[in-house]
Every structure is written in C-alpha cells, then in structure tokens.
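Heads up, the thing below is written out as structure tokens.
The values are calculated or read from the model by the stated rules, or taken from the named source; none is laboratory data. None of these values were measured; they are calculated from a predicted model. FYI the Cβ positions are ideal-geometry reconstructions off the backbone, even for glycines, and counts take in every protein chain you see.
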Amino acid sequence: MMIVDSHLHLCDIPQTEKELDIFFSKYDKIRQYSACTSSHSLQDWQNNCHIINKIRQKYDNDKIKICHSFGIHPQNPDKNILYDLENLLKYDKLKDKYDKSDLIYDNNMTKYDRISAIGEIGFDLFTKEFKSTFNEQSEIWNIQLELAIKYDKPIIVHCRKGMCHIFESIEKLKKIKAVIFHSFSGSITEANSLRKKGVNAFFSFGKPILNGNKNAMDCVKNLPLEWLLLETDSPYQTLKGETFTPPTDILKVYEQVFNVRKESSEIITSKIYDNFAVICGAK
C-alpha cells in the first residue's frame, strides 16, 4: 500500500519521531509513504531538514520519501521572508554553480533539503484581522507566483474566503507547473472551472471529509482521480474534541475516500501516489 500525505507540518508535530514510529509499527502493510512538509520561515525549514535527516537515517529511503515546501503564509505576510525563499530556490536551480558560502543556512545541503514546491501561499480572509492585511497578502501572493514561474516550481495554495482573488490570477496560474489546493474548500464547479481555464490544478482533501463536509465530499466523490491528493495538515485541522492531528490520521482519510469512490483501493492509492510523485518529484 502506497500512502501520500500531501501537506503536513513535521516541525510542529509533538514528538514527531515517536508518531512516525507508531505509524510504521502499527501499519506494516504500508510499503511506501510520501509526504510534503511545509515551512514558513527559515527556522521552520531548518527544523524540518533536521527531522527529515533523522528519519532518513532510521528508515529505508525506498520506504519513506519526504519533500519540502516553503512559502510565505497569508496569515503572516512578511516580505522579509522572501530573501530566504529565493536564496533556497536559487540554490536548487543552480546547484553546484551557486556559491553555497553565500547561504546563511547550511553548507551541507543535500537534495533532500531542497524546495520541491512554493507554499503554502494564497489568501486568508476568514477573520477581520486577516482581512486587514489583504493588500500585503495580495502583494506577496503575486511575488511568489512570479518566483514559481521563474524557478519552475509547483505551488501549494491556502485559500479561505478568497477564491475570487485566485481566479483573478488565472493567467499567471496557467504558467505554473502545478497548482495544489491544500484542503480545498471550494465547490466542484470552481474546481472544474480552474481546470477548464487551463490551470494544472490538483485538489487535496483532509479531515473535513471525515465529518461529511458537503463541498469536500462532493469533490472527492466526483472529481477525476487524476486531480486528487490527500493530506492531514498534521498537527492542525482537528475535529471537534481533538487536541491535535497525528500523521496516522491520513489512513482515516484514505478509508473515507475508499468508501465514496467507485474505484478499488489499489487503483486509488496508486493514482494518488502517481499524482504526488509527478508534482513533487517524490519517485
């Protein structure tokens, strides 16, 4: 069984290594686990690198593959983080041609530390406080879209109450390698529209499908399997009564998808794995 968690935050999970030990000891049928961990600051990225390197030393690299995303989150639209983001992207693009001594990060960067996607980025207009930073969110969104085009990177989109602004960026989005909508909360009509307009969009779903979220369930049931990804957003996106979301909850998400899709579990897991591997280079 191949499992993908397209969006989580390893550096924020309490006792990350212990949680992953539980994951692999409890579910021995998993022969491949791939995930993308998200960073929103240099410190996040450094912490994620440290965790991933420890995981690689402990587990077979053919069994577990974790890649990075790095982006300026719309809840904290700080332009100062752009310096770190572009330096990491420069290193990835130029590799050994780039003077690593110019990096303030780590002169021992490996392919496992490189940025596979820019994100999560987008718009969060869910609260009055977040709405007050709309101009900053919009400016940083557009800068990061340009970086994604320049460095040929996929993006991971965070969007709450801001889908109209996503559609305003269609022309730029069409130029981007892949656009992954993390915990997509839009309608199936919006998802189809993005694809029809030429955006190479993928729609990722997590724990909202466990409590029957109408839009999410409609999309998971009816969108082409070739457009789907699954996630936990661990340790966040908890359900009522929960204190945090462990990485193992990805199996609950998969089970719900198996229940509502017509395809076999083998076809679903294989296709979602292929979707993720092509986007993030996780094969």
Restricted to segment 58-75, and to residues that are among the polar types (S, T, N, Q) and surrounded by 15 or more Cβ atoms within 10 Å (Cβ to Cβ), which residue is nearest to residue 279 (Cα to Cα)? 69
Identify the residue in segment 221-270 that is assigned to a loop (DSSP other than H, G, I, E, B) and among the β-branched types (Val, Ile, Thr) and, among all such residues, is nearest to residue 12 (Cα to Cα). 245
Considering only segment 172-190, how many residues are farther than 19 Å from residue 137 by Cβ and either without any contact (Cβ under 8 Å) to a residue 60 or more places away in the chain or in a helix (DSSP H, G or I) (or both)? 6
Run residue 280 past the list (1) surrounded by fewer than 20 Cβ atoms within 10 Å (Cβ to Cβ); (2) out of contact with any helix residue (DSSP H, G or I) (no Cβ under 9 Å at 6 or more places or on another chain) and report the number of the one that doesn't hold. (1)
With respect to residue 250, determine if the residue is of a type in the set (A, V, I, L, M, F, W, C) and closer than 22 Å to residue 73 by Cβ. yes
State all residues of segment 229-246 that are farther than 11 Å from residue 209 by Cβ, surrounded by 14 or more Cβ atoms within 10 Å (Cβ to Cβ) and either among the aliphatic types (A, V, I, L, M) or free of Cβ contacts under 8 Å to residues at least 40 places away in the same chain (or both); if no residue qualifies, say none. 229, 238, 245
Look through segment 141-171, keep the residues that are assigned to a loop (DSSP other than H, G, I, E, B) and in contact with a Leu (Cβ under 9 Å, 6 or more places away or on another chain), and return whichever of them is surrounded by the fewest Cβ atoms within 10 Å (Cβ to Cβ). 161
Condition met for residue 253 (within 25 Å of residue 63 (Cβ to Cβ) and at pLDDT 95 or above): yes
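Residue-wise test of (1) surrounded by fewer than 18 Cβ atoms within 10 Å (Cβ to Cβ); (2) at pLDDT 80 or above.
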| residue | (1), (2) |
| --- | --- |
| 14 | yes, yes |
| 23 | no, no |
| 30 | yes, no |
| 36 | no, yes |
| 44 | no, yes |
| 48 | no, yes |
Taking segment 7-58, which residues are in a strand (DSSP E or B) and farther than 20 Å from residue 89 by Cβ? 8, 32, 33, 34, 35
Filter result for the condition that a residue is under 21 Å from residue 276 (Cβ atoms), at pLDDT below 95 and in contact with a helix residue (DSSP H, G or I) (Cβ under 6 Å, 6 or more places away or on another chain), over 115, 155: 115
Quickly run through segment 247-264 and pick out the residues that are touching a residue at least 24 places away in the same chain (Cβ under 8 Å) and more than 14 Å from residue 33 (Cβ to Cβ). 252, 256, 257, 260, 261, 263
Of residues in segment 114-140 being among the acidic types (Asp, Glu) and either out of contact with any strand residue (DSSP E or B) (no Cβ under 7 Å at 6 or more places or on another chain) or assigned to a helix (DSSP H, G or I) (or both), the one surrounded by the most Cβ atoms within 10 Å (Cβ to Cβ): 136
Give me a count of the residues in segment 76-93 that are crowded, with 20+ Cβ neighbours inside 10 Å and not in a helix (DSSP H, G or I). 1
